[in-house]
1. Based on this model, can you work out whether Phe179 counts as touching a residue at least 24 places away in the same chain (Cβ under 8 Å), more than 23 Å from Val131 (Cβ to Cβ), assigned to a loop (DSSP other than H, G, I, E, B) and more than 21 Å from the chain's Cα centre (by Cα)?
2. If you scan region 87-96, which residues turn out to be farther than 23 Å from Phe243 by Cα and either open to solvent by less than 10 Å² (accessible area, probe 1.4 Å) or under 15 Å from the mean Cα position of the chain (by Cα) (or both)?
3. Tell me whether region 334-350 contains one or more residues that are over 27 Å from Pro136 (Cβ atoms) and among the basic types (Lys, Arg).
4. If I ask for residues that are of a type in the set (Phe, Trp, Tyr) and within 16 Å of His42 (Cβ to Cβ), which ones from region 67-91 would you list?
5. Answer yes or no: is there a residue in region 202-210 that is in a strand (DSSP E or B), among the aromatic types (Phe, Trp, Tyr) and closer than 14 Å to Leu135 by Cα.
6. Would you list the strands (runs of 3 or more DSSP E) that sit entirely within region 233-276 and hold 1 or more residues that are open to solvent by 50 Å² or more (accessible area, probe 1.4 Å) and touching a strand residue (DSSP E or B) at 6+ places or on another chain (Cβ under 9 Å)?
7. Which of the following residues is touching a Lys or Arg at 6+ places or on another chain (Cβ under 8 Å) and either farther than 21 Å from Asp299 by Cβ or modelled with pLDDT of 95 or more (or both): Phe207, Phe267, Phe215?
8. Does region 341-356 contain at least one residue that is part of a loop (DSSP other than H, G, I, E, B), among the charged types (D, E, K, R) and open to solvent by 80 Å² or more (accessible area, probe 1.4 Å)?
Amino acid sequence: MQLTPFHQGQKGKHSGWKNLRWKPFEIPKASQKQVDFVKGLHTLCGAGDIRSNNGLAIHIFLCNTSMENKCIYNSDGDFLIVPQKGKLLIYTEFGKMLVKPNEICVIQRGMRFSIDVFEETRGYILEVYGVHFELPDLGPIGANGLANPRDFLIPVAWYEDRQVPGGYTVINKYQGKLFAARQYFSPFNVVAWHGNYTPYKYNLENFMVINSVAFDHADPSIFTVLTAKSVRPGVAIADFVIFPPRWGVTEKTFRPPYYHRNCMSEFMGLIKGHYEAKQGGFLPGGGSLHGAMTPHGPDADCFERASKAKLAPERIADGTMAFMFESSLSLVVTEWGLKISSCLDGNYYKCWEPLKSHFTPNSKNPTGPN
């Protein structure tokens, strides 16, 4: 049996020629319609090819009820799940995981899982094909830093020996489509297991932040939690990057993220708080997408504040957790992302319109070199 709530990237149009922003994705009201994790799973954008095991997809999940006598497994790739609103109780063949906002989990390819929710729930998923997520190489940082291996948690063995006379539905995501089969017992009947191919979770508060302490910006790759490497050294199929609370102490520097364009596609989401570069319009539960080689950066309000601010040591992003799914591939946006979701912000470009040129070619800086 083939199910059809899944919207694949091939149905959309390419939107890399401009920057996109979405208002918070709307969660269906439980009083109007019961929607579980599978029914509330929507593909926002993606790239590559599932059949050749090369690429990625970004999904949004919007649900209000638990998966009852139902599980899913993914034949296409790994799911990195980022809950934004509401906690997830995830049942797997390896045991149970409770994943709260500001935590993430990874369900690797082929693992059966079912999700209970306790309220109207929303979150983001980064899916990668053909590779697994791993810790980034630390290079000169050395042995410790960023996301440390000791802080990743795996389930403790748990099982249920339960018959389901009415039928238990096992859903398979295969080549971007959903298929279902029925059996009459719970699949979570694994009494014990061994090995290292497991689901796992991580609390983003445990990330050991590294930052510039003199001047200028380090590359945002210093905030990488997990990476899915490509065959080309130095660029990834996907990186999961966060912008956590930290100190800003740089001198003679425009401290917010600088204006730039680069070879990567950047999808950003916000778990909580206010992102420093765009404190209005970019809201928790929403997102933005900046295509490869398309310029972007702080909005006009951020530019004016940062340009006039006294460069004293300051805390940045307290109470906030923004993140980025970054890829070397060019992402295609689905019809759901462009139209069906009804969350696309058509006024996003206006946040840069008030920017003015302050270039004065004949002026000199009396306190130091220009």
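1. no
2. Within region 87-96, Ile90, Thr92, Gly95 meet the criteria.
3. Looking for residues that are over 27 Å from Pro136 (Cβ atoms) and among the basic types (Lys, Arg), one finds at least one in region 334-350, hence yes.
4. Within region 67-91, Phe79 is the sole residue that qualifies.
5. Checked against the condition, which is being in a strand (DSSP E or B), among the aromatic types (Phe, Trp, Tyr) and closer than 14 Å to Leu135 by Cα, region 202-210 yields at least one hit.
6. Correct list: 246-248, 265-272.
7. Sole residue among the options that is touching a Lys or Arg at 6+ places or on another chain (Cβ under 8 Å) and either farther than 21 Å from Asp299 by Cβ or modelled with pLDDT of 95 or more (or both): Phe215.
8. Yes: region 341-356 contains one or more residues that are part of a loop (DSSP other than H, G, I, E, B), among the charged types (D, E, K, R) and open to solvent by 80 Å² or more (accessible area, probe 1.4 Å).
The values are calculated or read from the model by the stated rules, or taken from the named source; none is laboratory data. Computed from a prediction, not measured in an experiment: that's the story for all the values here. Methodologically, a virtual Cβ is constructed for each residue, glycine included, from the backbone with ideal geometry; neighbour enumeration extends over all protein chains shown. Surface accessibility is based on the protein's heavy atoms, side chains included, excluding ligands, DNA and RNA. Shrake-Rupley method; radii C 1.70, N 1.55, O 1.52, S 1.80 Å.
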